[in-house]
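Encoded as C-alpha cells, the structure appears first; notes follow it.
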Amino acid sequence: MTLPPAPLTTDRALPVVDLVYVGFWKRVIASLVDSVLLMLLIAPIGYFVFDTNAFDFAESDSDPTHFLISTILPALVVVVFWIQRQATPGKMMFGARIVDAKTGADPGTGQLLLRYAGYYVSAIVFGLGFIWVAFDARKQGWHDKIAGTVVVRDRSPVDPLGIDR
C-alpha cells in the first residue's frame with residue numbers, strides 16, 4: 001500500500017504527489033546490486049594492497065589501510081553517489097532517489113552523511129532498522145528517519161523486475 005506524500009515540489013520540478021515511496025523488496029534488491037558492485041571495486045584493491053581479500057578482517061584487523069579500504073572507501077563511494085545522483089546504481093535501476101522527507105527536495109550533504117551513519121543504527125539490532133521499511137507508511141528505515149529522508153520514484157518508474165514493493 002502506497003500512501004500519497006504531502007503536496008510539495010522537488011528540485012526536479014515534479015510535484016511530490018507524482019512520487020511514490022519505494023518499498024522494501026526494491027530496496028533489498030537495490031542494496032544487493034550495490035553490494036556486488038562495491039565488492040567488484042574493493043576486492044581487487046584488497047588483493048593488490050594486501051595480497052589477500054580486503055574483507056578478511058582476521059588477517060589485517062589492526063592495519064589502518066585495511067580500515068580505509070574496507071570501511072571508508074565504500075562509505076565514500078556511496079555518499080558521493082548520493083550527493084551526485086541522489087541514488088546508488090541499485091536505486092537508479094528502479095528509478096528511485098533519496099529526497100528530503102519534509103520538502104521533497106534533494107537532501108543536503110550533511111543529511112546524506114547522517115543517513116549513512118544511520119545505517120549502523122539500522123543494522124545494530126539484527127537489521128531491524130532496515131526491516132522497518134516494510135512496515136512504515138512512508139517506507140522509511142531508521143536511517144531515513146534519523147536523516148529526515150525518504151526514497152521515492154516517479155509514478156511510472158523503470159521496473160525491470162516487476163516488483164511492486
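Working from Cα pairs under 8 Å separated by at least six residues, relative contact order for region 84-141 is 16 percent. For the set K145, K91, solvent exposure ranked by accessible area (probe 1.4 Å, protein chains only) runs largest to smallest as K145, K91. Under a 5 Å amide H cut-off, with hydrogens placed 1.01 Å from N, A101 pairs with T149, V150 among residues at least 5 apart or on other chains. Accessible area per residue (1.4 Å probe, heavy atoms of protein chains only) ranks S35, S70 as S35, S70, with the largest value leading.
The values are calculated or read from the model by the stated rules, or taken from the named source; none is laboratory data. Computed from a predicted structure; not experimentally measured. The protein model used for the area step is the full one, side chains on, heavy atoms only, and it has no ligands, DNA or RNA in it. Shrake-Rupley method; radii C 1.70, N 1.55, O 1.52, S 1.80 Å.
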